[in-house]
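Taking it in order: structure first as structure tokens, then the write-up.
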Amino acid sequence: MRSNFLQTAAALSVSAIMLACSPSRQLNRSAHSLLIDKEGLKQSHVGISIFDEDKGKFLYNYQAEKYFVPASNTKLFSLYAALQYLGDSLPGIRYFETPDSIYLQPAGDPTLLHPDFKRQPVIDWMKGTPKELVISDENWNEKPLGYGWAWDDYNSGYMAERSSLPVYGNVVKWTQVVEKTTNAEGKMVDDAFIYSEPEVSWKLQFNPSKGNNFVVSRDQNDNIFHVTEGKEILRTIEVPFVTNGVLSALDLLRDTLGKSIIYIPGQKTKPPNKIRFSQPTDSMLVPMMHRSDNLFAEQSLLMVSQKLLQQMDTQKIIDTLLKTDLKDLPQAPRWVDGSGLSRYNQFSPRDFVWILRKMDKDFSRKRLETILPGANEGTLAGYYKDMPGAIFAKTGSLSGQVAISGFLHTKRGKNLLFSVLVNNHFTSAATVRRCVESFLKNIYLTY
């Protein structure tokens with residue numbers, strides 16, 4: 001009995017001490033014990049900002065004004081730009097129409113012929129018109145790859161080139177299917193069937209030797225694809241293609257439309273005065289945030305640039321936004337791309353809390369919670385499983401960098417905004433994510 005009494009008294013004593021502590025001190029203790037001082041994180045750089053939306057004040061800041069490489073948390077700023085300026089529907093193509101011809105101007109829409117979007121109103125319209133189609137890319141003032149992107153990732157599906165006229169997500173999807181067949185001698189053998197979506201007429205080189213894995217690689221500066229057959233029964237690989245301005249897109253478009261499109265490189269044609277819209281804007285923004293789609297994020301900024309500046313120029317639209325909509329950011333960021341692929345991006349945790357507050361004010365929370373992945377969804381899959389409806393956030397990761405910023409509804413009904421940025425960690429990304437998860441779960445349960 002005395003033992004039970006002492007245990008109860010000790011527990012009450014600890015509770016009393018915790019209650020006596022300010023929320024900031026409590027959060028500081030849990031931040032250090034669950035995250036900052038964990039093995040593999042002690043030598044890393046950590047920034048944390050927690051804001052109580054109901055009280056309108058910060059609960060906790062730890063190096064929150066410092067700059068960090070935010071990886072895909074950068075997409076939160078691209079999301080704001082898209083929500084603010086793209087309207088309900090994406091501009092699919094701009095054009096000027098005469099009795100005989102339609103002069104097309106690319107609009108940067110990444111959903112054109114994208115396999116995720118079965119309805120293609122712009123393609124249907126171009127197929128249906130008997131008029132001559134003429135296109136110019138004189139509104140393009142950008143490079144295919146972003147400033148500070150890792151050049152040797154060019155063959156990876158997550159680093160598709162930017163372009164004024166993206167098609168099929170600017171990637172070729174290669175699939176290998178291995179089936180059992182009977183050869184001429186009546187023996188059962190593995191027969192590999194390889195196909196691409198879309199079908200391409202570009203040069204293919206097949207490796208005569210087989211490997212364990214199905215592999216497709218592309219020459220760095222040319223659409224020459226090298227294919228190595230593997231032993232896997234079914235595997236699909238996405239490989240970006242070289243866009244060559246609009247030339248690669250026109251190759252694929254002509255095949256789809258079954259008609260010619262006249263290309264006038266870099267020349268001014270009839271100024272467009274009409275727009276054909278493609279998809280509902282949110283139908284693109286949801287996968288952009290849920291799977292962290294880099295091309296969608298890059299093209300979102302380019303579409304906003306086209307609307308505001310009449311040209312596609314990432315740096316110019318970023319400079320414009322920073323001088324107008326985002327002029328009151330706590331720390332002026334170094335913002336260089338739409339996706340966060342660049343290591344030159346530098347934002348503070350307070351910057352992310354600020355943009356979350358601004359979006360919460362300017363757009364409906366319900367809409368934001370649909371666009372952002374929730375517990376155990378999208379890039380949060382496998383995390384926060386016992387917190388359904390409590391967290392909606394954007395993650396980010398590059399080698400050595402992990403980030404997460406978003407909304408948190410605590411078990412006691414508090415509405416918090418948070419940003420946790422970890423740079424230069426010396427452990428696995430999964431370990432860092434679990435530590436951050438423990439820290440945010442503790443806030444969810446106790447605040």
(request) Could you check how many residues of the range 92-121 are aliphatic (A, V, I, L, M) and surrounded by 23 or more Cβ atoms within 10 Å (Cβ to Cβ)? (result) 4
(request) Test SER305 against the stated conditions and say whether it is modelled with pLDDT of 95 or more and assigned to a loop (DSSP other than H, G, I, E, B). (result) no
(request) Report yes if some residue within the range 348-369 is on the phi > 0 side of the Ramachandran plot, surrounded by fewer than 22 Cβ atoms within 10 Å (Cβ to Cβ) and not acidic (Asp, Glu); otherwise report no. (result) no
(request) Kindly provide the set of residues from the range 66-85 that are part of a helix (DSSP H, G or I), crowded, with 20+ Cβ neighbours inside 10 Å and not hydrophobic (A, V, I, L, M, F, W, C), ordered by number. (result) SER72, ASN73, THR74, LYS75, SER78, TYR80
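Please pick out the residue among ARG357, ARG343, ARG334 that is over 25 Å from MET159 (Cα atoms) and in contact (Cβ under 8 Å) with a residue 24 or more places away in the chain.
Details: ARG343 fails: over 25 Å from MET159 (Cα atoms); ARG334 fails: over 25 Å from MET159 (Cα atoms).
After applying the criteria, what remains is ARG357.
When only residues in the range 370-399 that are at positive phi and either outside the structural domain of ALA429 (by TED's automatic domain parsing) or without any contact (Cβ under 8 Å) to a residue 40 or more places away in the chain (or both) count, which is surrounded by the most Cβ atoms within 10 Å (Cβ to Cβ)?
Filtering the range 370-399 down to residues at positive phi leaves 376, 378, 382, 384, 389.
Add one more test, that the residue is either outside the structural domain of ALA429 (by TED's automatic domain parsing) or without any contact (Cβ under 8 Å) to a residue 40 or more places away in the chain (or both), and what stays is 376, 382, 389.
Values: ASN376: 15, GLY382: 11, GLY389: 9.
Top of the filtered list is ASN376.
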(message) Suppose we keep only residues that are assigned to a strand (DSSP E or B) and small (Gly, Ala, Ser) within the range 40-65. Which one would you say is surrounded by the fewest Cβ atoms within 10 Å (Cβ to Cβ)?
(response) GLY47
(message) List the residue pairs whose Cβ atoms are under 6 Å apart, where the first residue sits in the range 122-135 and is within 19 Å of PRO91 (Cα to Cα), the second is among the charged types (D, E, K, R), and the two are 6 or more positions apart or on different chains.
(response) VAL122/ARG276; TRP125/ARG276
(message) Return the pair list, or none, for Cβ contacts closer than 7 Å from residues in the range 255-282 that are among the hydrophobic types (A, V, I, L, M, F, W, C) to residues that are crowded, with 16+ Cβ neighbours inside 10 Å and assigned to a loop (DSSP other than H, G, I, E, B), at least 6 apart or on different chains.
(response) ILE264/SER136
(message) Scan the range 402-409 and tell me whether some residue there is surrounded by fewer than 21 Cβ atoms within 10 Å (Cβ to Cβ), touching a residue at least 12 places away in the same chain (Cβ under 8 Å) and on the phi > 0 side of the Ramachandran plot.
(response) no
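Does ILE36 fit the bill of being of a type in the set (Val, Ile, Thr) and more than 25 Å from the chain's Cα centre (by Cα)? Give the steps one after another, and end with the answer.
Values: of a type in the set (Val, Ile, Thr): yes; more than 25 Å from the chain's Cα centre (by Cα): yes.
For ILE36, the condition - of a type in the set (Val, Ile, Thr) and more than 25 Å from the chain's Cα centre (by Cα) - is met.
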(message) Give me the residue from the range 86-101 that is part of a loop (DSSP other than H, G, I, E, B) and closer than 14 Å to ASP282 by Cα and, out of that set, nearest to the chain's Cα centre (by Cα).
(response) LEU86
(request) Would you point out which residue out of ALA381, ALA390 is more than 27 Å from ALA160 (Cα to Cα) and either touching a helix residue (DSSP H, G or I) at 6+ places or on another chain (Cβ under 8 Å) or among the small types (Gly, Ala, Ser) (or both)? (result) ALA390
(message) Where the second residue is not in a strand (DSSP E or B) and not acidic (Asp, Glu) and the first is not assigned by TED's automatic domain parsing to the domain that holds ASP255 and surrounded by 14 or more Cβ atoms within 10 Å (Cβ to Cβ) and lies in the range 197-208, which pairs have Cβ atoms under 7 Å and are six or more apart or on separate chains?
(response) GLU197/PRO115; PRO198/TYR168; PRO198/LEU252; TRP202/ASN223
(request) Return only the number of the condition from (1) of a type in the set (Phe, Trp, Tyr); (2) in a strand (DSSP E or B); (3) over 23 Å from TRP202 (Cβ atoms) that TRP174 does not satisfy. (result) (3)
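The values are calculated or read from the model by the stated rules, or taken from the named source; none is laboratory data. All figures in this text were calculated on a predicted structure; none of them were measured in a lab. For neighbour counting, all protein chains shown are included, and Cβ atoms are generated from backbone atoms with ideal geometry for every residue, glycine included.
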